Amino acid sequence: GFPGNPGLKGAQGESALLYHSSFSVGLTDPVPATNVPIRFNKFFHNEQHHYNDVSGKFHCLLPGVYFFTYHLTVYTKDARVSLFKNDKPVMFTYDQYHEGNVDQASGALILRLQSGDEVWLQIYGDEDFGGVYADNTNDSTFSGFLLYPDMG
Amino acid sequence: GFPGNPGLKGAQGESALLYHSSFSVGLTDPVPATNVPIRFNKFFHNEQHHYNDVSGKFHCLLPGVYFFTYHLTVYTKDARVSLFKNDKPVMFTYDQYHEGNVDQASGALILRLQSGDEVWLQIYGDEDFGGVYADNTNDSTFSGFLLYPDMG
Amino acid sequence: GFPGNPGLKGAQGESALLYHSSFSVGLTDPVPATNVPIRFNKFFHNEQHHYNDVSGKFHCLLPGVYFFTYHLTVYTKDARVSLFKNDKPVMFTYDQYHEGNVDQASGALILRLQSGDEVWLQIYGDEDFGGVYADNTNDSTFSGFLLYPDMG
Ligand SMILES: [Ca+2]
Ligand SMILES: [Ca+2]
Ligand SMILES: [Ca+2]
């Protein structure tokens, strides 16, 4: 008899494409409060809603390795910001302000997260360190994404 | 008669690794013009040529979620730069310059793009805001990459 | 006779999830030495140990396209840092320090690397350019990750 038909095409390769987690948020106004999570309220990208705009925290649902970065406008006073993971400050960024010399401060970090972990930014110290500024032509932003998901 | 031989094995599934878009560009000289796209002319990485060095714009061919970041040397005067998406300023970075105090300003953003969308940087405002500087030991750069392609 | 059986199903497409390389490191103290690799000694993430804490260099084992970024605290004097690829400075970041005005300087770059390539940061110039600072509430960091692995 004749040979059979060709087999079916193989399955699509396992793709990192099934594991999406990314957010990019900003501020409409200067940060009013210190020692609490900065609540970013301007949303450039937050399709999965893993950044919680009520708590101000990124909430990890997909375990894996994540990249985070922030870029802050420093104005009216000095700024000291810490990136927190689960109530512990992991990294600190400090920039002093001088009259008439608006500055930019930024940071980036790669962290392995478990499901349920939370990551956020907050002013570290009293209000003298609260110079994170924003208005309609000055942004301060916080972004993050899942780089490598854990394989279940 | 006997049945024929089995058919050929099916084709391999689609690879997750086919979706590449990334660029990393810089400047050889200070930015001369305001309110037009900054034309980066130093190429660290632009294999797909999705950054167009004539227009100064990143041109999206693969729809999906993209990460962009820029790091600018601020020298001789203040700098205000905006990241544009399709003729609309999406994000603003402002850094003031003081005599003898060269600064660095930076930004990052995640955006979902459709095929045909364009993203670029430009000085926002008149020449007083044009202090984006570069020479052979001072870089100002713009980079971006496809983070999560849309599945077709 | 009858046609043969259908062929076997094709192999699964190649997974993007097998290729991991990422690191995120910082400093516990100011950088003492110029014109040698900065040896970051604080480890936020370095599971693959591709960042070598003895040499201070990222060592590429998986060829492909990589993203690197650094965020530096500038304090006590000016800072000029270069990102090196295999003994050649590829990019320069310069920030001047003024008394009482701590600054932040940062850079990012995308590079295609071959297996065996090395990437690191070092102060470029004499000790007058060595103002990269760190202590327990002021970080200076260097991070990188594999964005797109080469297909073998
Ligand atoms: Ca400034
Ligand atoms: Ca400075
Ligand atoms: Ca400052």
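For this structure, a couple of remarks:
- Taking every alpha-carbon pair under 8 Å whose residues sit at least 6 apart, the stretch C:31-75 reaches a relative contact order of 28 percent.
- Cα-based reach from residue C:9 at 14 Å (exclusive), listing aspartates and glutamates while leaving out same-chain residues under 8 positions away: B:14
- What the phi angles of the stretch B:63-78 give under the Karplus curve with 6.51, -1.76 and 1.60, with θ = phi - 60°, is a coupling list of x, x, 9, 10, 10, 10, 8, 9, 9, 10, 8, 9, 8, 6, 7, 4 Hz, glycine and proline written as x.
- Summing charges over all other residues whose Cβ lies under 15 Å from the Cβ of residue A:113, with Lys and Arg as +1 and Asp and Glu as -1, gives -1.
- Pairs from A:77/C:77; A:88/C:42; B:42/B:85 whose Cα-Cα separation, in the structure shown, is over 18 Å: A:77/C:77; B:42/B:85
- Among the residues of C:70-79, the average count of other protein chain beta-carbon atoms within 10 Å of the residue beta-carbon is 3.
- Counting Lys and Arg as +1 and Asp and Glu as -1 over every other residue whose Cβ lies under 13 Å from the Cβ of residue A:140, the net charge comes to -4.
- Cβ-Cβ FRET estimate between residue C:115 and residue B:2, R0 fixed at 60 Å, reported to 0.05: 0.75
- Whole-Å semi-axes of the protein assembly as shown's equivalent ellipsoid (Cα gyration tensor): 41, 23, 23
- Stokes-Einstein diffusion for the stretch B:98-152 at 25 °C, viscosity 0.890 mPa s, with a Kirkwood radius from C-alpha pairs, works out to 166 µm²/s.
- Nearest-0.05 FRET efficiency for residue B:77 and residue A:136, computed from C-beta distance (R0 25 Å): 0.70
- Contact order, relative form, for chain B: 34 percent (alpha carbon pairs under 8 Å, 6 or more residues apart, mean separation divided by residue count).
- Whole-number D in µm² s⁻¹ for the stretch C:56-126, Kirkwood Cα-pair radius fed into Stokes-Einstein, 10 °C, 1.306 mPa s: 121 µm²/s
- Shortest-first nm distances, residue A:100 label point to equivalent points in other copies (7 Å, Cα→Cβ): 1.4, 1.4
- Gyration tensor (alpha-carbon) shape descriptor, chain C, a/c threshold 1.5: prolate
- For the stretch B:19-63, the list of trypsin sites (Lys or Arg not before Pro) that fall in a loop by DSSP and count at most 14 other C-beta atoms within 10 angstrom is empty.
- Label 7 Å beyond Cα on the Cβ vector: residue C:87 copy-to-copy distances, nm: 5.3, 5.3
- Residue A:51 sits among other residues whose Cβ lies under 12 Å from its own Cβ, and their net charge, with Lys and Arg +1 and Asp and Glu -1, is 0.
- Using a 7 Å projection from Cα along Cα-to-Cβ, the label point at residue C:115 is separated from the same position in the remaining copies by 3.6, 3.6 nm, smallest value first.
- Residue-wise HN-Hα coupling along the stretch C:115-129, computed from phi with Karplus coefficients 6.51, -1.76, 1.60 (Hz; x: Gly, Pro): 4, x, 5, 10, 9, 7, 10, 8, 5, 10, x, 7, 5, 5, 9
- Label-point gap, in nm, between residue A:18 and residue A:128 - each point 7 angstrom along Cα→Cβ: 5.4 nm
- Residue order, fewest to most surrounding Cβ atoms within 10 angstrom, among A:21, A:55, A:140: A:55, A:21, A:140
- Shape category assigned to the stretch C:40-80 from the gyration tensor of Cα positions, a/c cut at 1.5: prolate
- The mean count of C-beta atoms from other chains within 10 Å of the C-beta of residues in A:131-142, rounded to a whole number, is 3.
Read-outs: derived from the displayed coordinates by stated rules, not from any lab. Everything quoted here is computed from the prediction, not taken from an experiment. FYI the Cβ positions are ideal-geometry reconstructions off the backbone, even for glycines, and counts take in every protein chain you see.
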